[in-house]
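First the structure, in the form of structure tokens, and then the observations on it.
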Amino acid sequence: MKKKNLYFSIILLFIFSSCGYQVVDKGKLQTFSILEVNTSGEKRINFKLKNKLLSFKKENSKELIILEINSKKNKSVKDKNIKNQITKYQINLDIEVGYKRSNEIKMNSFIVKQNGTYDVSSQHSQTLNNEKKLIDLLINDISEEIIDQLVAKFNDL
């Protein structure tokens, strides 16, 4: 009985030890380059998002795409304490991304949404820094999600 379990364990070890899983390099999947980014909405968010997206520019790509980004920021109160003082804010970023190939007329679009919360500090300047840090983190997540969706859309075509 013990020999059967030993043989069975060895066979399972060989079967599952070399499953062939490899990490996918996003750079190899990207077959396009961002030619132009047009923005509307929140200026500071658009500036940072545009810089992040243009850093994904790929040389010698066969497809050039044009992006149109419309951003909306919604800041709301999330928590208050017993004294009715605000302790946390929530920020919702809604980004509508329109994309097209440089030689096409038809514009396709998708929406990316991210949200997060930050604490209110005793100093107003620290509260503003908390808000800026949260927005930077959300913009990083949004830019990665936009690139992932564009890769998925252009690899399917």
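Along its principal axes, the chain has C-alpha extents of 70, 56, 23 angstrom, given from the largest down.
Relative to the Cα centre, the charge distribution of the range 47-112, modelled as +1 at Lys and Arg Cβ and -1 at Asp and Glu Cβ, gives a dipole magnitude of about 340 debye.
Rounded to the nearest 0.05, the FRET efficiency derived from the C-beta distance between Leu137 and Glu68 at R0 = 30 Å is 0.80. Per residue, the accessible area of the chain comes to 71 Å² when a 1.4 Å probe rolls over the protein heavy atoms.
Projected over all directions and averaged, the alpha-carbon convex hull of the range 54-98 occupies 4.5 nm². Gain on full extension, evaluated as 0.36 nm per residue between Leu128 and Lys78 minus their Cα-Cα distance, stands at 16.4 nm.
Quick one: which of Lys43/Lys153; Lys62/Lys100; Lys113/Lys133 span more than 23 angstrom between C-alpha atoms? Violating the 23 Å Cα-Cα cut-off are Lys43/Lys153.
Using a simple spin-label model with pseudo-atoms 7 Å out from Cα toward Cβ, Arg44 and Ile15 lie 5.8 nm apart.
Keeping the other protein chains in place, figure out the carbon and sulfur percent of the accessible area of the chain, with a 1.4 Å probe. C and S fraction of accessible area: 52 percent.
A simple spin-label model places the labels of Asn92 and Lys3 6.8 nm from each other, with each point 7 Å out along Cα-to-Cβ. The Leu35 and Glu145 beta-carbon pair, evaluated with R₀ = 25 Å, returns a calculated FRET efficiency of approximately 0.75.
Within 10 Å, count the other beta carbons around each residue, average over each peptide in 46-55, 100-109, 127-136, and list them highest first.
Descending mean neighbour count gives 46-55, 127-136, 100-109.
Between Asp119 and Asn155, the simple spin-label model (points 7 angstrom out along Cα→Cβ) gives 4.0 nm.
Could you work out the helix-only [θ] at 222 nm for the chain, with each DSSP H run of four or more residues adding -39,500 (n - 2.57) and the total divided by the number of residues, to the nearest 500 deg cm²/dmol?
The per-residue figure over the chain is -14000 deg cm²/dmol.
The values are calculated or read from the model by the stated rules, or taken from the named source; none is laboratory data. Only a predicted model underlies this, so the values are computations on that prediction, with no experimental measurement involved. Cβ coordinates were reconstructed from backbone atoms using ideal geometry, including for glycine residues, and neighbour counts include every protein chain displayed. These area figures cover heavy atoms from the full protein model, side chains too; ligands, DNA and RNA do not enter into them. Shrake-Rupley method; radii C 1.70, N 1.55, O 1.52, S 1.80 Å.
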